[in-house]
Amino acid sequence: AISWSVWTRNYYPRNQSILNFYAYHADRRIYPLRGRNTMTVVNAGAWGYTLALHIGGNLLRKSDLSEHALILYDSREEILEKLTVEGKHPWIFKDLTIPRSVRPESDLMAALGDTSLILIVTPSKYFYSTITRVIEMAPEGSDLVIATKGFIPETGLLPCQTTREELERLGKRMR
């Protein structure tokens, strides 16, 4: 069933980025892809990354939180590639490695999945487009925490007021 060439072939790593990827993921926790013990931080900018570092560290330190996982969502490929391969943000806190309890994700549907808590930390100028997508994809009954400051340019309202209007418009129930 196995050809002789498989047995005689020598495998030498030539691609350093692949080696870094596997070295970084060697000690990663097995994450539940779906489950009510999952939290999602939407946006891996300075504020979102800071929250992910802090929450992810607490998930590792506290034994009663060991079954929880944190997903860090961002649509920017250059950030997600660095976070996935090296475990570090390309622009900020370059010396801090993201905890193994945090899983970077570039697909919003996969990031939200069956999550129980969603933290929105986008800048206010991107908040409206992000919150409409999040509300459409989020599971019914999820908790939503808004960590965005300022007024939303499209509505002229605060983020919580804009979210309330979108929830009513889409007929979705979230806390």
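Bear in mind these aren't lab numbers, they're just calculated from the coordinates by the rules spelled out. If you're wondering where the values come from, they're calculated on a predicted model, not measured in any experiment. Cβ sites come from the backbone with ideal geometry, for glycine too, and all protein chains shown count toward neighbours.
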Would you please give the FRET efficiency between L170 and K125, computed as 1/(1 + (r/R0)^6) with r the Cβ-Cβ distance and R0 = 22 Å, to the nearest 0.05? 0.55
Using unit Cβ charges (K, R positive; D, E negative) and no other charged atoms, how large, in debye to the nearest 20, is the dipole of the stretch 117-167 about its Cα centre? 240
Quick one: what are the phi-derived ³J(HN,Hα) couplings along the stretch 97-109, Karplus 6.51/-1.76/1.60 with θ = phi - 60°, whole Hz, x for glycine and proline? 8, 5, x, 6, 7, 10, 10, x, 8, 9, 9, 5, 5
Taking amide H positions as placed 1.01 Å from N in the peptide plane, with prolines and chain starts having none, which residues 5 or more places from V145, or on another chain, fall under 5 Å of its amide H? I118, L119, I120
Förster radius 22 Å - calculated FRET efficiency between S66 and D114 (Cβ-Cβ, nearest 0.05): 0.70
Per residue of the stretch 81-88, what does 6.51 cos²θ - 1.76 cosθ + 1.60 with θ = phi - 60° give for ³J(HN,Hα)? Whole Hz please, x for Gly and Pro, Karplus curve as stated. 5, 5, 5, 6, 7, 9, x, 10
